[in-house]
């Protein structure tokens with residue numbers, strides 16, 4: 001039996017040696033697999049890092065493009081606003097000059113025609129008196145018209161409004177039928193307030 005035990009011991013030693021060899025082979029394979037996995041992970045990390053850097057660079061470029069486009073838009077908007085303001089100033093100046101010409105005493109014809117038409121249309125309010133520079137008479141007609149509107153529900157208000165309207169109509173006709181020189185001398189130089 002001792003020989004049997006010896007054979008069994010040898011067999012156990014052989015099995016043990018084979019197991020050690022197998023374990024070593026498995027360890028080597030595991031180590032190789034681990035090294036391979038590390039290499040792959042390192043490669044993937046490098047690729048991810050490259051992709052991140054590319055994305056970061058593209059984002060920076062897009063940001064710069066957007067910033068430049070915003071600056072251009074702001075400059076265009078400033079220029080358009082400036083042009084609009086200049087045009088508005090020009091139009092306002094033209095209007096002011098036209099109004100000065102229309103309302104200045106440049107000629108008897110302008111005031112004669114303007115005062116005559118306003119006397120016929122808005123004579124009850126005394127607008128034509130204000131155009132000719134007769135403030136007191138203009139306020140008298142305006143006040144009488146306001147009183148007429150306030151007392152319109154009474155019969156008196158109707159007569160007051162009719163009277164101021166007739167005064168305006170008569171003065172408008174007189175203004176328009178006079179010659180330019182006669183109108184200018186009578187109403188603008190001579191300052192005749194009524195009729």
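Coordinate-derived values only; no laboratory data. None of the values given here were measured: they were computed from a predicted structure. Every residue, glycine as well, gets a Cβ built from its backbone with ideal geometry; the counts of neighbours run over all protein chains shown.
Observations on the structure shown:
- Available extension along the chain between residue 91 and residue 179 is 28.2 nm, counting 0.36 nm per residue and deducting the alpha carbon span.
- Extending 7 Å from Cα along the Cβ direction at residue 63 and again at residue 25 yields two label points whose distance is 5.8 nm.
- With the simple spin-label model, which puts each label point 7 Å out from Cα in the Cβ direction, the residue 37 to residue 51 separation comes to 2.1 nm.
- Ordering 175, 149 by the number of other Cβ atoms within 10 Å of each residue's own Cβ, fewest first, gives 149, 175.
- Label-to-label distance, residue 121 versus residue 75, with points set 7 angstrom from Cα along the beta-carbon direction: 5.0 nm.
- Sites residue 166 and residue 191, calculated FRET efficiency, Cβ-Cβ separation with R0 22 Å, nearest 0.05: 0.45
- With the Kirkwood sum run over all distinct C-alpha pairs, the range 1-99 has a hydrodynamic radius of 22.2 Å.
- Calculated [222 nm] ellipticity per residue, helices only, for the chain: -30500 deg cm²/dmol; basis is -39500 (n - 2.57) per DSSP H run with n ≥ 4, divided by all residues, nearest 500.
- Relative to the longest principal axis of the Cα atoms of the chain, helix 108-122 runs at roughly 80 degrees.
- Neighbour counts of other Cβ atoms within 10 Å put 91, 151 in the fewest-to-most order 91, 151.
- Principal-axis tilt of helix 155-177 within the chain, Cα atoms, nearest 10 degrees: 80
- Footprinting exposure proxy for 95, 139 (fewest neighbouring C-beta atoms within 10 Å first): 95, 139
- Compared with the dominant Cα axis of the chain, that is its longest principal axis, helix 135-150 is turned about 80°.
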